[in-house]
Amino acid sequence: MTQRRILVLFAHPSLERSEINSELLPAAQAHPSTTVVDLYAEYPDYRIDIDREQRRLCEHDVVMFLFPLFWYSTPALLKEWQDLVLEHGFAYGSEGRALAGKYFIAACSAGGAGYAYDAEGYNRFTLRELLRPLEQTANLCHMRYLPPFALFSSRTALKEGRLAAHREAFVGLLDQLSQGSLEDWERSEACTVNDSLTPGDSKGVAPS
Ligand SMILES: Cc1cc2nc3c(=O)[nH]c(=O)nc-3n(C[C@H](O)[C@H](O)[C@H](O)COP(=O)(O)O)c2cc1C
């Protein structure tokens, strides 16, 4: 099978203070199957080049959003990107089929612990449930949605020694996205996660 090309849309508004996503960005850039767009570096004034972004989408098979979770959603510039780039007649609507059949995945880090993202936990919903707007956006755009890849308890991951395993799992995820069979994974409900409940034990490897 030919390798899938992955478009990584990276969004972090203060990269100089990041511990997690600043590690994943170079890992994504070094991967042979990716094109990485650092949105805040490229569009500090929020003036997104819609034609260029739509061309990039057309040239790739997988679209990944890579971001820290902000208020159960994406950072603002990544929302702006969605608002502007996913146009009617391009991404959705009776004529809008440019993204049909492409895969979509959200890869994010969350400050909250995994157990908080549960009906019984203080966030009341799972991460997959909270990211439903992304899931339905992908759906409306005829894309194939994959469950999110997440690091929970992100603010203690570095000092607990979980970051290296997460970086490795992230590279494994990119390998899987570029070469692997994604059908079973697409059907599964579960997120692939790395959490502090089991320190040192990375559960972030994508299913093979
Ligand atoms: C404005 C803002 C909103 C945030 N909202 C959430 C949230 O809704 N849920 C959560 O678990 N963490 C939240 N966090 C924590 C971030 O997700 C966390 O700081 C980030 O994953 C760490 O990644 P980094 O080291 O790359 O910055 C928020 C942080 C900020 C600054």
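Since every read-out is calculated from the coordinates, none of them should be taken as a lab result. Nothing here was measured: the structure is a model prediction, and the numbers come from that model. Counting neighbours? That spans all protein chains shown, and the Cβs are built from the backbone with ideal geometry, glycine included.
Side notes on the structure shown:
- The chain, Rg to Rh (Cα coordinates; Rh as Kirkwood inverse mean 1/r): 0.94
- The Cα trace of region 90-189 gives Rg and Dmax of 15.6, 50 Å, the first to one decimal, the second as a whole number.
- Computed on the Cα trace of region 1-117, the radius of gyration divided by the Kirkwood hydrodynamic radius gives Rg/Rh = 0.97.
- Among 118-128, 11-21, the peptide with the highest mean count of other Cβ atoms within 10 Å heads the list, and the full ranking is 11-21, 118-128.
- Near the amide H of ARG144, within less than 5 Å, lie the amide hydrogens of GLY101, LYS102, TYR103, PHE104, all on another chain or at least 5 residues away, with H placed in the peptide plane.
- Farthest toward positive dipole pole in region 6-194 [+1 Lys/Arg, -1 Asp/Glu at C-beta], among TYR72, GLY172, PRO32: TYR72
- Sequence of PHE104, PHE152 once ranked by neighbouring C-beta atoms within 10 Å, starting from the fewest: PHE104, PHE152
- Computed from Cα atoms alone, the Kirkwood hydrodynamic radius reported for region 78-123 is 13.5 Å.
- DSSP finds beta bridges in the chain, and of those with both partners inside it, around 5 percent are antiparallel.
- Each part gets one Cα centre, and for region 113-171 versus region 15-70 those centres are 18 Å apart.
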